[in-house]
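Below is one structure, written out as structure tokens; the observations come after it.
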Amino acid sequence: MSDSIKYLLTEDRMPKRWYNLMADLPEAPPAVLHPGTGQPVGPDDLAPLFPMALIAQEVTQEREVEIPEPVRDIYRQWRPSPLFRARKLEKALDTPAKIYYKYEGVSPTGSHKPNTAVPQAFYNKEEGTKRLTTETGAGQWGSSIAYAGQYFGLEVDVYMVKVSYEQKPYRRALMQTFGARCVPSPSVETNSGRAVLAEHPDSTGSLGIAISEAVEMAAGRDDTKYALGSVLNHVLLHQSVIGLEAMEQMDMAGDDPDIVIGCAGGGSNLAGLAFPYIGRNLREGKKTRIIAAEPASCPTLTRGKFAYDFGDTASLTPLVKMYTLGSHFVPSPIHAGGLRYHGMGPLVSHAYELGLMEARAYAQTECFVAGVTFAKAEGIVPAPESTHAVKAAIDEALKCKESGESKTILFNLSGHGYFDMQAYTDFFDGKLTDEPYDEAMLAKSLEGLPEVAAE
Ligand SMILES: *Cc1c(COP(=O)(O)O)cnc(C)c1O
């Protein structure tokens with residue numbers, strides 16, 4: 001076995017095809033429904049928002065989907081991304097477990113998000129789109145679509161959740177550097193934004209509200225389409241490059257993970273790493289455990305309901321069956337902005353419902369403690385979102401220390417935290433608290449779930 005701590009693939013080993021879990025599932029996920037008719041949506045219903053190529057990827061049952069060469073060409077800027085063995089972290093924890101992490105922070109914007117931003121911009125350009133609208137939480141998605149959009153000459157308008165707009169000026173500047181326009185949400189530019197402001201003038205915003213604004217702007221103009229950075233099947237498909245590369249790198253390391261971990265906001269980085277392993281479990285009867293790590297303040301998988309719901313707050317999106325806290329759930333303004341979404345990708349939700357993965361919820365301060373432990377050992381400061389995966393990995397490694405078992409743990413370090421040092425400063429200053437979500441608000445939000453005849 002190699003003693004190396006870093007496993008690199010040469011460019012020619014970068015995946016040529018994305019992996020689609022849909023092909024291996026024992027049962028198909030529930031249909032996506034039209035909000036007006038309650039009937040399954042067809043391609044025409046989605047055409048105002050997305051290019052046809054992405055709509056086709058949303059429903060394809062093919063196990064493999066070819067990655068277009070212009071996309072691979074841009075991927076080569078940072079892919080294949082490295083896989084590390086966290087030997088110093090293992091030593092710091094004094095654990096018999098072997099810990100590996102796939103590092104997606106090497107991308108131009110410091111997270112896994114360009115893996116889907118680039119193909120989304122590419123397919124839009126191919127089909128004549130001039131402008132993309134989108135929402136962003138912490139700013140990673142906004143900066144990623146801004147970066148990808150400018151390669152293909154697309155205008156990009158980003159509705160940024162207001163709390164993050166104020167807390168993360170550097171992400172905003174990064175979007176502007178790549179030429180995007182960034183608007184704090186809720187804004188007065190849209191009906192949805194104005195409606196929220198009328199009721200809650202001090203609204204700090206949410207991803208659900210920002211999605212409504214971006215969708216409304218895209219639906220209203222022929223030359224404009226909408227881009228979503230997580231949740232949807234085509235996004236999860238694009239992110240599969242992470243897991244496909246990691247499988248080859250784990251082979252290089254002469255190891256195979258017993259446990260695969262990712263943090264979960266909308267589920268895309270988790271799915272990107274884990275779906276190829278779930279597919280292998282299903283095809284080959286392997287028993288690799290998958291763990292989703294989510295924030296206790298926005299506990300979609302662990303406390304939500306598996307039900308049809310809207311993806312946004314203004315009920316503009318199709319109805320998808322997913323784990324949800326209700327589209328009116330507004331989580332406390334924790335720093336892990338990218339994990340503040342009321343729903344969860346329908347494919348991740350379906351896999352969880354089928355028992356193909358587990359989920360844990362962690363409070364933010366224990367995640368920062370884990371993030372600092374990781375940073376000291378490995379020299380990389382994790383994004384606040386990624387600290388949830390770090391926390392889960394450390395917990396599993398410490399369980400091994402107790403039991404004396406030597407398990408192999410692989411987690412996704414979905415991004416670096418160098419734009420989020422204010423969050424670390426707040427943590428060091430003792431300003432971060434573990435505000436639990438509001439039980440009454442959750443109950444009310446779940447009561448408001450739409451009635452769906454098909455259920
Ligand atoms: C956006 C983001 C997440 C959460 O999104 P998922 O779709 O759940 O992956 C996690 N980590 C980082 C670094 C992000 O930018």
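The values are calculated or read from the model by the stated rules, or taken from the named source; none is laboratory data. On a predicted model such as this, the values are computed, not experimentally measured, just so you know. Here the Cβ is made from the backbone with ideal geometry for all residues, glycine too, and neighbour counts use every protein chain on show. We work out accessible area using only protein heavy atoms, side chains counted, and drop any ligands, DNA or RNA first. Shrake-Rupley method; radii C 1.70, N 1.55, O 1.52, S 1.80 Å.
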Residue-span extension gain [Ser403 to Ala195] - 0.36 nm each, minus C-alpha spacing: 69.4 nm
Mean residue ellipticity (222 nm) of the chain, computed from DSSP H runs ≥ 4 via -39,500 (n - 2.57), nearest 500: -12000 deg cm²/dmol
For the range 258-343, with +1 on Lys and Arg beta carbons and -1 on Asp and Glu, the positive-most of Gly311, Leu273, Leu325 along the dipole: Leu273
Nearest-ten-degree value, helix 207-219 long axis tilted from longest Cα axis of the chain: 50 degrees
Within the range 78-145: Cβ-based charge dipole about Cα centre, in debye rounded to nearest 20 (Lys, Arg +1; Asp, Glu -1): 280 debye
³J(HN,Hα), Karplus 6.51/-1.76/1.60, whole Hz, each residue of the range 291-302, x for Gly, Pro: 10, 8, 10, 10, x, 5, 7, 9, x, 4, 6, 7
Entries in Lys16/Lys286; Lys16/Lys305; Lys113/Lys168; Lys102/Lys399; Lys98/Lys391 that, when Cα-Cα distance is taken, lie over 27 Å: Lys16/Lys305
Estimated dipole of the chain in Debye, rounded to 20 [Cβ of Lys and Arg +1, of Asp and Glu -1, Cα centre]: 1000 debye
Solvent-accessible area, 1.4 Å probe, carbon plus sulfur percent, for the range 45-96: 51 percent
Candidate aspartates and glutamates - alpha carbon under 12 Å from Lys401, same-chain residues fewer than 8 apart omitted: Glu90, Asp94
Amide H within-cut-off set for Ile67, under 5 Å, with H built and near neighbours excluded: Arg17, Trp18
C-alpha long axis of helix 140-151 to longest principal axis of the chain, angle in °: 80 degrees
Derived scalar couplings ³J(HN,Hα) [the range 83-92; Karplus, 6.51 cos²θ - 1.76 cosθ + 1.60; whole Hz; x for Gly, Pro]: 10, 10, 8, 8, 4, 6, 5, 4, 5, 4
Interchain or long-range residues, amide H under 5 Å from Met344's placed H: Tyr323
DSSP beta bridge pairing in the chain, given as percent antiparallel to the nearest 5: 35 percent
Top positive-direction residue, dipole computed over the range 104-224 with Cβ charges, set Ala210, Gly153, Gln120: Gly153
Centroid-to-centroid separation of the range 1-80 and the range 348-401 [C-alpha atoms, Å]: 25 Å
The range 277-346-the range 180-249 distance, computed between alpha-carbon centres (Å): 16 Å
Long-range HN-HN contacts of Ser185 with modeled amide H, under 5 Å: Met160, Val161, Lys162
Dipole axis of the range 36-77 (+1 Lys, Arg; -1 Asp, Glu on Cβ), positive-most option in Tyr75, Val41, Pro51: Tyr75
Charged-residue dipole, Cβ positions (Lys, Arg, Asp, Glu), the range 287-347 about Cα centre, Debye nearest 20: 300 debye
Using θ = phi - 60° and Karplus 6.51 cos²θ - 1.76 cosθ + 1.60, couplings along the range 236-251 (whole Hz; Gly, Pro as x): 4, 4, 4, 6, 4, 4, 4, x, 4, 5, 4, 4, 5, 5, 5, 4
